[in-house]
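The values are calculated or read from the model by the stated rules, or taken from the named source; none is laboratory data. None of these values were measured; they are calculated from a predicted model. Here Cβ is always computed from backbone atoms with ideal geometry, including for glycine, and neighbour counts include all displayed protein chains. Side chains are part of the model used for accessible areas, which takes the heavy atoms of the whole protein and leaves out ligands, DNA and RNA. Shrake-Rupley method; radii C 1.70, N 1.55, O 1.52, S 1.80 Å.
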Amino acid sequence: MKFLPKISIVLCLFFLTTVSNAQKNTMAQTFYKHDKYLSSDKLEGRFVGAKGNNKAAAYIKKHFKKYRLQQFGDNYYQPFKVFVKEGINKMKSDSVATQNVFGFIEGSDEKLKNEFIVIGAHYDHWGWGGIGSGSKKKDTVAIHNGADDNASGVSALLCILEEVSKLKVKPKRSIIFVSFSGEEEGLLGSKYLVNHLPVKKEAVKVMLNMDMVGRLNAEKQIYMGGAGTFPNGVELMKNLGQNSGLNPVVFAGDVGGSDHVTFYKAGISAIGFHTGGHPQYHTPEDDIDLINFEGGALVSKYIYNALVSIANYNEELVFIKQD
């Protein structure tokens, strides 16, 4: 009988460890599932205006609906036009239709629900490449699957949305989830959204962006720029690194070059997350076999914690100019 307490403690610790590992493994499996579909050959590199781009949008929309995001108006799509130069994706020059995919979760605080945190990731890529594209191998006409750029960011977005949907009490501020198109052509989707916001610009307090978060290195470094664009942001992002399994590399400024920059230039606090560059960037070799899915789960959980913390921020969220 005297040994039972020790046995109970051991069993309890084993149970908690098993549950924790199961949660991590489940998120890694979910991350893998999303990335595998979005970076598959059948989507042909998700180039704006192409069938693969529309299939990716439909996939994102399906999951937005599954996790009960509310719509702005009567649709999850925000359509816009993009002019495509000849020599990209085996196309002639043309104006094509594409869309951002977005929705929101209403905040739980009667007052703060009128403020919005935006979290996003672009879903477009370079299709078949070509001489007019941003491919690093312009002479190679081949599918650029963009498993890291940026199927990984969208995978993280959907993993985070799933976690938020499970919360019995939602964060105090409302959260807009958005997946942009047209990023590769010059941040066109985020520019269109900022110029056609479904809420007052002053109500949008912080934007979190994920672009290339699927190649976590051996040092477990998650990089972020713009953490100093809202009060105590650097301190928050460093504190969230404790017991996260990650080593956050936090910059107050150094805002970067993806869709969050559009928000920053509009006077909205913005943070961009990534796991670093690699030789496969903008080449046909950016494929799923190089994605670190366990790392993707760690990154998704870290950004989820950042999102919820900011959405529940007790301090007033004001824009702080950096750089």
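Points worth noting:
- Looking across His282, His278, His274, one residue alone is closer than 24 Å to Asn145 by Cα, modelled with pLDDT of 95 or more and in contact with a strand residue (DSSP E or B) (Cβ under 6 Å, 6 or more places away or on another chain). It is His274.
- Just one of the listed residues (Val154, Val141, Val164) is in contact with a His (Cβ under 9 Å, 6 or more places away or on another chain) and β-branched (Val, Ile, Thr), and it is Val154.
Every residue, every condition in (1) of a type outside the set (Asp, Glu); (2) farther than 20 Å from Pro198 by Cα; (3) at pLDDT 95 or above, yes or no:
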{"site": "Ile88", "(1), (2), (3)": "yes, yes, no"}
{"site": "Ser93", "(1), (2), (3)": "yes, yes, no"}
{"site": "Phe102", "(1), (2), (3)": "yes, no, yes"}
{"site": "Asp148", "(1), (2), (3)": "no, yes, yes"}
{"site": "Lys172", "(1), (2), (3)": "yes, no, yes"}
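- Selection within region 164-178 - of a type outside the set (A, V, I, L, M) and either within 13 Å of the chain's Cα centre (by Cα) or open to solvent by 40 Å² or more (accessible area, probe 1.4 Å) (or both): Lys166, Lys168, Lys170, Lys172, Phe177
- Of the residues contained in region 241-254, none is found to be buried (at least 24 other Cβ atoms within 10 Å of the Cβ) and hydroxyl-bearing (Ser, Thr, Tyr).
- Apart from one condition, Gly49 fits all of (1) farther than 11 Å from Asp124 by Cβ; (2) open to solvent by 20 Å² or more (accessible area, probe 1.4 Å); the exception is (1).
- In region 137-253, counting only strands (runs of 3 or more DSSP E) that sit wholly within it, the ones holding 3 or more residues that are among the hydrophobic types (A, V, I, L, M, F, W, C), over 20 Å from Gln322 (Cβ atoms) and in contact (Cβ under 8 Å) with a residue 60 or more places away in the chain span 174-180.
- Per-region count, region 71-96, residues in contact with a Gly (Cβ under 6 Å, 6 or more places away or on another chain) and either surrounded by fewer than 12 Cβ atoms within 10 Å (Cβ to Cβ) or closer than 29 Å to Lys166 by Cα (or both): 2
- One residue stands out in region 256-284 among those that are open to solvent by 10 Å² or more (accessible area, probe 1.4 Å) and among the aliphatic types (A, V, I, L, M): the one that is farthest from Val299 (Cα to Cα), namely Ala266.
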